[in-house]
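The values are calculated or read from the model by the stated rules, or taken from the named source; none is laboratory data. What you are looking at is a predicted structure, and each value in this text was computed from that prediction instead of being measured. Positions of Cβ are backbone-derived with ideal geometry, glycine not excepted, and every protein chain shown enters the neighbour counts.
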């Protein structure tokens, strides 16, 4: 689950912060820390990409003078987070023309990112909570590749299964399993079990449905 999203200037200032939890972290302090890690990595001729703790992960995405960092649960697939950060970065590039030479300290323009960030967070949560069942009309099916076949076979065997369960027990690459599930859903081979996903999403993101 996406817990926090930071947009940080390369000198450490927090330009934007969106939290989806009752976080007690000070965004300014966290941003300075994350920026310091990034600078340290650069001094080693490396680029900061991932920082893990026992409870969560920080996933980095570089964008010129800016840096996007997502704090997510340990269970959230890193490649899924990277995909969402890329989408947010593209929206930022389109909506906000940031130039550090003209920066006067005002960060209100970054509030334009709110809807995009909330949308990507909702998508990430729905993916994590995705639960599947076989379409009753489908008795047998041969996948176009090994991952699709394993996802289908597991769901058919279990009757109902979450994507997280499939990845763990079948030892499949997280992003490959997600893509396979999306393909099977689009072909109506599998069906999404909606009730659990919708209840969780609505409870976690009430602001998305206001107005």
Checklist entry - Regarding residue 76, is this residue buried (at least 16 other Cβ atoms within 10 Å of the Cβ) and either touching a strand residue (DSSP E or B) at 6+ places or on another chain (Cβ under 9 Å) or touching a residue at least 60 places away in the same chain (Cβ under 8 Å) (or both)? => result yes
Checklist entry - When only residues in segment 181-211 that are under 25 Å from residue 116 (Cα atoms) and modelled with pLDDT of 70 or more count, which is surrounded by the most Cβ atoms within 10 Å (Cβ to Cβ)? => result 181
Item to check | Residue that is surrounded by the fewest Cβ atoms within 10 Å (Cβ to Cβ) [pool: residues in segment 33-61 that are farther than 16 Å from residue 2 by Cβ and touching a strand residue (DSSP E or B) at 6+ places or on another chain (Cβ under 8 Å)] | outcome: 47
Checklist entry - Restricting attention to segment 154-168, which residues are loosely packed, with under 15 Cβ neighbours inside 10 Å and modelled with pLDDT of 90 or more? => result 157, 159, 160
Checklist entry - Could you say whether any residue in segment 95-108 is surrounded by fewer than 17 Cβ atoms within 10 Å (Cβ to Cβ), part of a helix (DSSP H, G or I), under 11 Å from the mean Cα position of the chain (by Cα) and not assigned by TED's automatic domain parsing to the domain that holds residue 185? => result no
